[in-house]
1. Look at the stretch 243-275 and say how many of its residues are within 16 Å of the ligand (Cβ to nearest atom) and surrounded by 16 or more Cβ atoms within 10 Å (Cβ to Cβ).
2. Taking the stretch 286-324 only, how many residues are polar (S, T, N, Q) and either crowded, with 18+ Cβ neighbours inside 10 Å or part of a strand (DSSP E or B) (or both)?
3. Any residue at all in the stretch 622-641 that's under 30 Å from PRO352 (Cβ atoms), surrounded by 15 or more Cβ atoms within 10 Å (Cβ to Cβ) and in contact (Cβ under 8 Å) with a residue 24 or more places away in the chain?
4. Within the stretch 317-338, track down each residue that is more than 16 Å from the ligand (Cβ to nearest atom) and over 23 Å from the mean Cα position of the chain (by Cα).
5. For the stretch 229-271, give me the residue count where each residue is modelled with pLDDT under 95 and either in a helix (DSSP H, G or I) or among the β-branched types (Val, Ile, Thr) (or both).
6. Would you check which residues across the stretch 277-287 are over 16 Å from MET301 (Cα atoms) and either among the basic types (Lys, Arg) or within 16 Å of the ligand (Cβ to nearest atom) (or both) and list them?
7. It is to be established whether one or more residues within the stretch 339-360 are touching a strand residue (DSSP E or B) at 6+ places or on another chain (Cβ under 7 Å), within 16 Å of the ligand (Cβ to nearest atom) and either among the basic types (Lys, Arg) or more than 30 Å from ALA488 (Cβ to Cβ) (or both).
8. Scanning for something within 16 Å of the ligand (Cβ to nearest atom), at pLDDT below 95 and surrounded by fewer than 15 Cβ atoms within 10 Å (Cβ to Cβ), does the stretch 508-525 turn up at least one residue?
Amino acid sequence: MKWIKTTLVTVIFIKVFCLSAKADDGHQLWLKKQNPFPVNIICAKKSPVLDIAIKELKDGWNGTPDATVTLQLKPVKSIKDDGFLLENSRVSANSELGILYGVYELLRRQATGQTVNHILSNPSYRQRILNHWDNLNGTVERGYAGHSIFWRNEKDSLTITPGDKTLWNEYARANASIGINGTVLNNVNASPLILTAGYLKKVKIIADVLRPYGVKTYLSVNFSSPVKIGGLKTADPLDPDVKRWWKEKIQEIYKLIPDFGGFLVKANSEGQPGPQDFGRTHVDGANMMADALKPYHGIVMWRAFVYSPSDQDRVMQAYSEFLPFDGQFRENVIIQVKNGPLDFQPREPFSPLFGGMKKTAVMPELQITQEYLGRSIHLVYLSPMWEECLKSDTYQKGPGSTVAKYTDGSMQYQKYTAIAGVANIGLDTNWCGHHFAQSNWYAFGRLAWNNNRSSADIAEEWLKLTFHESKSEFINPVKSMMMNSREAAVNYMMPLGLHHIFAEGHHYGPSPWFSDQKLRADWTSVYYHKADAKGIGFNRSATGSNAVSQYHEPFSTQLNNIETCPEIYLLWFHHLPWDYKMKSGRILWDELCYHYNQGLNQVREFQKTWDLVQPYVDPQRFSEVQSKLRRQCRDAQLWKDACLLYFQQFSQRPIPFEIERPVHDLKYLINTPAADIRH
Ligand code: GCW
């Protein structure tokens, strides 16, 4: 009996030990420790950046044991900025950072089984920047992975622990490994306190940790800081005292952080202060800051996310407001433009400011955090959405004038080129809340480095590195799940060009019925879908708001014409009758039903796919992803039921009988506040 007991305990112990030994909490991201082979490294120079490059090679070498690798720092014409050239056993670059990026690429290629001979790689954008919407009290606006890694709300909020520094170091390393070279540490809804001495001291310490990895520090600033913390009576950008105040503040920052990157500014947008409060323009505000930053090579990223409660169609406002200023901004000002003209919806056409501005530097802003795409609960790989935007043709200089080419300087000269991604990072052990949300951080970096890369390649690379599994039985189905996941979300949330029918405020679940007389119309759902007995959709053609006119020809005409408008944007640009004939031969109402149904079915397939690959995934990540997929499936059902039952009140048509019936009642969905987030 005693023998049996001991054996049982031993078996249980071994089982538990094995499980926990294999369990993976995801903290190491795509940089999991390898068992390296020995390698000899020749490097003529020593520096903090090169020391890291050497250490990474030693810790991760998976090539021929005892090989010799030369890190060669000397100008090569074909190499641009921090690019690099990889040859058999040599990494060449013009800069130390180029060497570091080359080393990461070399190791990545070894780990994913790719060849290494003669690879020249230059970054698409000079500045590849994360935007943290982190508040100084530690909360993160639209953050779903825990509190800020930089700020916390305690009495001793400005003290820094060794744990903080370790985390920042890991963060910097992860960014450097995918080519990200800048970070904005605080929310664009900026507290003026960030520019006070105590906070700047902390910023300096963060910057010191990030620097050896080539990650530059930037700050979001509040336009009325001269009043709020400077004691001035005005923040008018043309006032000499205000100019002096910014000049001195910038001087103070550069004394602490000599390689400080610059400012990000949200001005006169959603209640934030800006130059218009003083009768001045975006140009006056941005140029004033740019002049003060210029001596230090700092830049101003001035956001174009502006709209006001006017009668003009909201999606047209940024273009109308900024286009008249084309050519008037200083060369160290870059206008930061969200990928679409509205606000990070699951699908939007590209913003017409891309291709619209002709003599102004413009940079894309992408949202890595999933504000409108299921938070860190839904598995949605965002790279295909960004690829769709970057590859969109603006036609500014004829066919082929893609958003990518327009923003990376290859179509028109801009001294600074940049791209920003709103970070999805927090204190959660796995950084991003969902294990697959890490792929979005990864993909942002990889696309920022090379805006021509395919999302499928990036997904495959990420899977191999993150799950340490290259078998096709794992890679193929999971990659295909990732690649379909964004379209699935569009299908179950807002297909065929529908947009912004989210629950108010939290932007998570469905609320197509949302309307509120007390709120401005463009903060309600009914403003966007305009469903009525006749049909559904927002008429932005020439007979409606004429938003199509903001695009270049031939795209403008293509969008304007119902026959040629791509169906993915149909209800974005047109209000159409319920029985409008779609390309599939179905009427619009039926097509809508099919899309919602398809979205739900796609998530059910994702569940099966994930269960199928269980043998290839460690138990912790397997069960965490499995459980989130269950929730995603329940949510997709909610979306489908809410939207179909609500729109059916207007269409007055049956749901095609071969489609599965709703399982919720519309009344329940409408009357149970936040039914969507509680499930
Ligand atoms: O998408 C909206 C968000 C706000 C955000 C704003 C912006 C930081 O709902 O939370 O504020 O955009 O981009 O400024």
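1. Qualifying residue count for the region: 10.
2. 2
3. Scanning the stretch 622-641 turns up at least one residue that is under 30 Å from PRO352 (Cβ atoms), surrounded by 15 or more Cβ atoms within 10 Å (Cβ to Cβ) and in contact (Cβ under 8 Å) with a residue 24 or more places away in the chain.
4. SER320, LEU323, PRO324, PHE325, ASP326, GLY327, GLN328, PHE329, ARG330, GLU331, ASN332
5. The qualifying residues number 0.
6. Of everything in the stretch 277-287, just one residue is over 16 Å from MET301 (Cα atoms) and either among the basic types (Lys, Arg) or within 16 Å of the ligand (Cβ to nearest atom) (or both), namely ARG280.
7. No, the stretch 339-360 has no match at all.
8. yes
The values are calculated or read from the model by the stated rules, or taken from the named source; none is laboratory data. Only a predicted model underlies this, so the values are computations on that prediction, with no experimental measurement involved. All Cβ positions, even for glycine, are placed from backbone atoms using ideal geometry, and neighbour counts span all protein chains on display.
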